[in-house]
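Structure first, commentary second.
The values are calculated or read from the model by the stated rules, or taken from the named source; none is laboratory data. Remember, predicted model here, so these are calculated numbers, not experimental data. Here the Cβ is made from the backbone with ideal geometry for all residues, glycine too, and neighbour counts use every protein chain on show. Surface areas here come from the heavy atoms of the whole protein model, side chains and all, with no ligands, DNA or RNA. Shrake-Rupley method; radii C 1.70, N 1.55, O 1.52, S 1.80 Å.
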Amino acid sequence: MWLLLRAEATPETLLQALRAESLEVRVHRLGDRWALEIQGNGHLSEAFARYEEVERVFSTHDIQPLVQQWSHNVELPTWQRGKGLLWIAGPCSVERKADFLRLAQELRAIGVQVLRGGAFKARTSPYSFQGMGQEALDWLFEAKSLTGLPICVEVVSETHLPLYEHVDILQIGARNMDDYWLLKAVAPLGKPVLLKRNPQATIEEWLLAAEYLLLYGTPWVLLCERGIRTFERSLRYTMDIGAIPAVQRKTRLPVIADPSHAAGRWDFVEPLALAAIGAGSEGLIVEVHPEPLKALSDAAQQLTIEQFQRLYERANAIYTVLSRHLSEPLQA
Ligand code: PEP
Ligand code: MN
């Protein structure tokens, strides 16, 4: 049995009470709060749930108690959940300041609520462009103050975290979804996290990564399906459309889709995006570049601003039609 204490509570009083019952207790520090692990004795949970220090009691048999029971608000200044799609857009990598600032303003004018852009890139080949690093972060901060939009940036290393103070949504990339020590380092910052699914991960493994984040202090996790690895090679990955409703059966955390990395080519981004909205995705993260053919990373899959504008209109149209026909999930 686990007792998860409130963020401001300390464990001393409870420890005394538990030890007075001769219970074996292990004390854990999880981000900025304490948790007590008690061997056996599920029947004591009600008694201990009454202590004011205790936020939640769960059994060691619960697989993802925080993910399954999550019921807070998703707070973003530019997006109200349930009132339209969440649009996150921007280049794979932020490469040149002036081009990026212009693109950021164009995206804002179209209606995007969050800007994305890579600074430190996680590349498969060590010879590929690794990102502009801190310089790109500075340009992202400039774009944030110019447009008033929040920014979402991937974190690849715990050592970079001091540079991310003004980043609004921390992105954990597909390659790092199961870097549990990175998750434990990111979560106590208390910022929302966009968690990509590792292409090799089952839904359960993906949600366990989200459980790490919630346990260590992340207020909400934006789950992002971005394609998994299958035997099929015609697109870069296989977008697991079924994962969207499957995850929504297990958690109220928001789920969005990334058609850009799943497709790997610009001309398949729109069909995958529309399919994801049809399946219930609450938003999209899309790569858009001022001149895709000149992009230093993921050139083949990035959209021009005109292609993005068309996708934006078509996906919103599907969302609007579907939300006019809101219905409860089908019953057997
Ligand atoms: C990205 O969003 O730039 C990225 C690298 O995506 P993924 O982690 O899904 O490959
Ligand atoms: Mn990319």
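Highest mean first, what order results for 70-80, 112-122 on Cβ atoms within 10 Å?
Numbers: 70-80: 13.8, 112-122: 23.2.
The peptides rank, most packed first, as 112-122, 70-80.
State the Cα centre-to-centre distance between region 272-332 and region 53-132 in whole Å.
What the calculation gives is 15 Å, centre to centre.
Using only helices, what value at 222 nm comes out for the chain when you add -39,500 (n - 2.57) per DSSP H run of length 4 or more and divide by the total residues, to the nearest 500 deg cm²/dmol?
Numbers: 11 runs with 110 residues, N = 332.
Dividing the helical sum by the residues of the chain leaves -9500 deg cm²/dmol.
Which percent of the accessible area of region 214-268 is formed by carbon and sulfur heavy atoms (probe 1.4 angstrom)? Intermediate results must be reported in sequence, preceding the final value.
Working: 1230 of 2220 Å².
C and S fraction of accessible area: 55 percent.
Short version: ³J(HN,Hα) in whole Hz for each residue of region 12-20, in order, from phi by Karplus 6.51 cos²θ - 1.76 cosθ + 1.60 (θ = phi - 60°), x for Gly and Pro, what are they?
Per-residue couplings from phi come out as 4, 4, 5, 4, 4, 5, 5, 6, 5 Hz.
Provide the packing ranking of 201-212, 12-23, i.e. peptides ordered by the mean count of other C-beta atoms within 10 Å per residue, highest first. The partial results should precede the final answer.
Working: 201-212: 19.3, 12-23: 12.8.
Descending mean neighbour count gives 201-212, 12-23.
Using alpha-carbon pairs under 8 Å, 6+ residues apart, how would you state the relative contact order of the chain in percent? Walk me through the numbers on the way to the answer.
On the way: 643 pairs, mean separation 50.2, N = 332.
Result for the chain is 15 percent.
Could you work out the Rg to Rh ratio of the chain, with Rh taken as the Kirkwood radius (inverse of the mean 1/r over all Cα pairs)?
Values: Rg = 21.2 Å, Rh = 21.0 Å.
Reported Rg/Rh (Cα atoms, Kirkwood Rh): 1.01.
Calculate, for Glu52 and Asn73, the FRET efficiency according to 1/(1 + (r/R0)^6) with r their C-beta to C-beta distance and R0 22 Å; round to the nearest 0.05.
Given R0 = 22 Å and the Cβ-Cβ separation, E is 0.40.
Compute the acute angle (0 to 90°) between the alpha-carbon long axis of helix 269-278 and the principal axis of greatest extent of the alpha-carbon atoms of the chain; round to the nearest 10°.
40 degrees
Over region 151-256, what is the relative contact order in percent, taking alpha-carbon pairs closer than 8 angstrom and at least six residues apart?
Numbers: 180 pairs, mean separation 23.1, N = 106.
For region 151-256, the relative contact order is 22 percent.
How far is the Cα center of region 162-189 from the Cα center of region 195-252, in Å?
Taking the Cα centre of each part, region 162-189 and region 195-252 sit 16 Å apart.
Longer than 22 Å from Cα to Cα, which of Lys97/Lys191; Lys121/Lys184; Lys191/Lys294; Lys121/Lys196; Lys144/Lys191 are they? Say none if no pair is. Let's see the in-between values first.
Numbers: Lys97/Lys191 26 Å; Lys121/Lys184 20 Å; Lys191/Lys294 33 Å; Lys121/Lys196 14 Å; Lys144/Lys191 16 Å.
Over 22 Å Cα-Cα: Lys97/Lys191; Lys191/Lys294.
In degrees between 0 and 90, to the nearest 10, how far off the longest principal axis of the chain does helix 134-147 point, with axes built from Cα atoms?
80 degrees
If you roll a 1.4 angstrom probe over the protein chains with everything in place, what fraction of the accessible area of region 1-100 belongs to carbon and sulfur, to the nearest %?
Of all accessible area on region 1-100, carbon and sulfur atoms account for 44 percent.
Kindly identify region 2-61 as rounded, prolate or oblate by the Cα gyration tensor criterion: order the square roots of the eigenvalues as a ≥ b ≥ c, call it rounded if a/c is under 1.5, otherwise compare a/b with b/c, prolate if a/b is larger, else oblate. Could the numbers behind the result be given before it?
Working: a/c = 1.43, a/b = 1.30, b/c = 1.10.
Rounded.
What percentage of the solvent-accessible surface of region 106-183, computed with a 1.4 Å probe over protein heavy atoms, is contributed by carbon and sulfur atoms? Could you put the intermediate results ahead of the total?
Values: 1710 of 3380 Å².
Carbon with sulfur: 51 percent of the solvent-accessible area.
Suppose all protein chains stay in the model; what accessible area per residue would a 1.4 Å probe give for the chain, in Å²?
Details: 15760 Å² over 332 residues.
Roughly 47 Å² per residue, with all protein chains present.
How many percent of all Cα-Cα pairs in region 143-278 sit more than 19 Å apart? Could you put the intermediate results ahead of the total?
Working: 4634 of 9180 pairs.
Pairs farther apart than 19 Å: 50 percent.
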